[in-house]
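Worksheet for the structure shown next.
The values are calculated or read from the model by the stated rules, or taken from the named source; none is laboratory data. No experiment lies behind these values; they were computed from the predicted model shown. Glycine gets a Cβ as well: all are built from the backbone with ideal geometry, and neighbour counts include every protein chain shown.
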Amino acid sequence: MNQTESAKRVALVTGGIGGLGTEICRQLAQAGRRVIAVDLPARAERVEAFEREVAALDGAITFEPVDVTDFDSCQQLTARIEQRHGSLDILVNAAGITRDASLRKMSPQQWQELMRVNLDGVFNMCRNVVDGMTSRGFGRIVNISSVNGQTGQFGQTNYSAAKAGVHGFGMALARETARKGVTVNTVSPGYCDTPMVAAVSAEIRAQIIADIPVGRLGSPADIARAVKFLAADDAGYITGADLPVNGGYFMSF
Ligand code: CAA
């Protein structure tokens, strides 16, 4: 990869101080990208902890508090970044929540809250970066889906629908942008060592881990390296793909 070229790339990671997002930001920064971590205007101590975690990277990662469910805020954010840095080259949509409940117990609020973050958030960000990327002739979009979008999971009709939707969205957008140097891909993590998975009951979690061929939860670093791979300058012939990173938990063609 051309180091001078890659050093100019500006990456935005939603869910940027989250379970997977922090490590995605770190690995992109280590690969020479200027990284903007976007997340909810979180509690001050969470942001401070994030800043301590990324301090070794000498200002390569900055934090922007934005709610991805708000289209106008996403529009203002992308305009601000393009104005400040000249471009926005890499978008990683890693913002996601769970609202687990079996369908017979799921409230409309649990359905809607999840859709607004996990699916509307992807639209809100992609819609606002796509014109800039296609006009500059370069872009890398990586959307974080989930193995549970591929297989379905008990208690996750909302999450599985949104995560399957993320890949459908990505395939459609990949076709729209392929001629303009913009790739759109999905990474589908399995069960990883994050607070989201820690929230699953110990009994169910133990059963899930027992079913993972590799024999352990994934690490955020396992996911981040797949994102970094798809976001590279020389990954231009991979588009509309879904890269599973799940320890063999779900294997398919
Ligand atoms: N599989 C099969 N049956 C199950 C079940 C499961 N996973 N969970 C519950 N049941 C059964 C119960 O045994 C019970 O059966 P009986 O009625 O015969 O006694 C019945 O279903 C209970 O149904 P409820 O609607 O009352 O379910 P609940 O409220 O007890 O549990 C739940 C619902 C909390 C969502 C629970 O199923 C659960 O935690 N599921 C796992 C959710 C999960 O894996 N989330 C992943 C979060 S991490 C993530 O999403 C990251 C990623 O991308 C991988």
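Conditions tested, residue by residue: (1) at pLDDT 95 or above; (2) closer than 15 Å to I144 by Cβ; (3) part of a loop (DSSP other than H, G, I, E, B); (4) of a type in the set (S, T, Y).
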residue	(1), (2), (3), (4)
A206	yes, no, no, no
I209	yes, no, no, no
R216	yes, no, yes, no
A221	yes, yes, no, no
A226	yes, yes, no, no
Y237	yes, no, yes, yes
G247	yes, no, yes, no
F250	yes, no, yes, no
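Residue check: is A164 within 22 Å of G15 (Cβ to Cβ), modelled with pLDDT of 95 or more and within 16 Å of the ligand (Cβ to nearest atom)?
Yes, satisfied.
State yes or no: is V122 under 13 Å from the mean Cα position of the chain (by Cα), within 16 Å of the ligand (Cβ to nearest atom), free of Cβ contacts under 8 Å to residues at least 60 places away in the same chain and assigned to a helix (DSSP H, G or I)?
So V122 passes the test.
Okay, residues lined up against (1) hydrophobic (A, V, I, L, M, F, W, C); (2) crowded, with 22+ Cβ neighbours inside 10 Å; (3) at positive phi; (4) touching an Asp or Glu at 6+ places or on another chain (Cβ under 9 Å):
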{"residue": "K105", "(1), (2), (3), (4)": "no, no, no, no"}
{"residue": "W111", "(1), (2), (3), (4)": "yes, no, no, no"}
{"residue": "F138", "(1), (2), (3), (4)": "yes, no, no, yes"}
{"residue": "K163", "(1), (2), (3), (4)": "no, yes, no, no"}
{"residue": "F169", "(1), (2), (3), (4)": "yes, no, no, no"}
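For the range 209-251, give me each residue that is crowded, with 17+ Cβ neighbours inside 10 Å and over 26 Å from M133 (Cα atoms).
I212, L217, G218, P220, D222, V245, N246, G247, Y249
Among the residues of the range 97-118, write down those that are away from the ligand (no atom under 14 Å from the Cβ) and in contact (Cβ under 8 Å) with a residue 24 or more places away in the chain.
Scanning the range 97-118 gives M115, R116.
So in the range 157-194, with the set limited to residues that are closer than 17 Å to A241 by Cα and among the hydroxyl-bearing types (S, T, Y), which one is farthest from the chain's Cα centre (by Cα)?
Only one residue fits best here, namely T177.
Residue under question is A198, and the condition is that it be over 28 Å from M171 (Cβ atoms), within 11 Å of the ligand (Cβ to nearest atom) and among the small types (G, A, S); does it hold?
It is true that A198 is over 28 Å from M171 (Cβ atoms), within 11 Å of the ligand (Cβ to nearest atom) and among the small types (G, A, S).
Which one is nearest to A174 (Cα to Cα) among residues in the range 201-222 that are near the ligand (Cβ under 10 Å from one of its atoms) and not acidic (D, E)?
Among those that are near the ligand (Cβ under 10 Å from one of its atoms) and not acidic (D, E), it is G218.
So which residues in the range 86-103 are surrounded by fewer than 15 Cβ atoms within 10 Å (Cβ to Cβ) and outside any loop (DSSP other than H, G, I, E, B)?
L103
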